[in-house]
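Written out below as structure tokens is the structure these notes cover.
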Amino acid sequence: MQAFTQSAAIDVLRFDEFDALVLDLVLPDGGAIAISDYATYRCPDVPIIAVTSTSFFSGGSILDLIPNARSLMRTPLRLDDLAAVLEHYVPKKRSPKSKPEVA
């Protein structure tokens, strides 16, 4: 699912839950921090992967602004790099058949 503005992202987050959020820090209408705050409110454990083309966020400052930020990636980025980061931070879901046995 994609959203290109703050209001569209908030609308999407109101009705759906996600395993992770890839958030461009430079949106046309601003609001990336507000989106991350709302996402964290709706799903406190959601990992957020921040993406930006600017050098404004450096030295780990994004981790202070977005508590659920797990990584900051610079654009342009390779999709396989993004996939590897998401695979690392998104918890594996257990299939219904793999429930632990109770003794």
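Rule-based calculations on the coordinates, nothing more; no lab input. Bear in mind the structure is a predicted one, so any value in this text is a computation, not a measurement. Neighbour counts run over all protein chains shown; Cβ positions are idealised from the backbone, glycine included.
Observations
- Segment 1-83: trypsin sites (Lys or Arg not before Pro) falling in loop per DSSP and having at most 14 other Cβ within 10 Å: ARG78
- For a modelled paramagnetic label at SER7, 7 Å from Cα along Cα-to-Cβ, the residues of segment 26-50 in reach, with backbone nitrogen under 16 Å, are 28-32, 35.
- Those chymotrypsin sites (Phe, Trp or Tyr not before Pro) in segment 6-75 that DSSP places in a loop and that have at most 10 other beta carbons within 10 Å: PHE56
- Net lengthening on full extension, ASP37/PHE15 (0.36 nm per residue, minus Cα-Cα): 6.3 nm
- Relative contact order (%) - the chain, alpha-carbon pairs under 8 angstrom, separation at least six: 24 percent
- For q = 0.23 Å⁻¹, Debye-computed log10 I/I(0) when each Cα of the chain counts as one equal scatterer: -1.36
- For LEU23, the residues whose amide H sits under 5 Å from its own are ILE49, ALA50, VAL51, ignoring neighbours fewer than 5 places away on the same chain, with H placed 1.01 Å from N.
- Value of [θ]222 nm, deg cm²/dmol, for the chain, DSSP H segments ≥ 4, -39500 (n - 2.57) each, nearest 500: -10000 deg cm²/dmol
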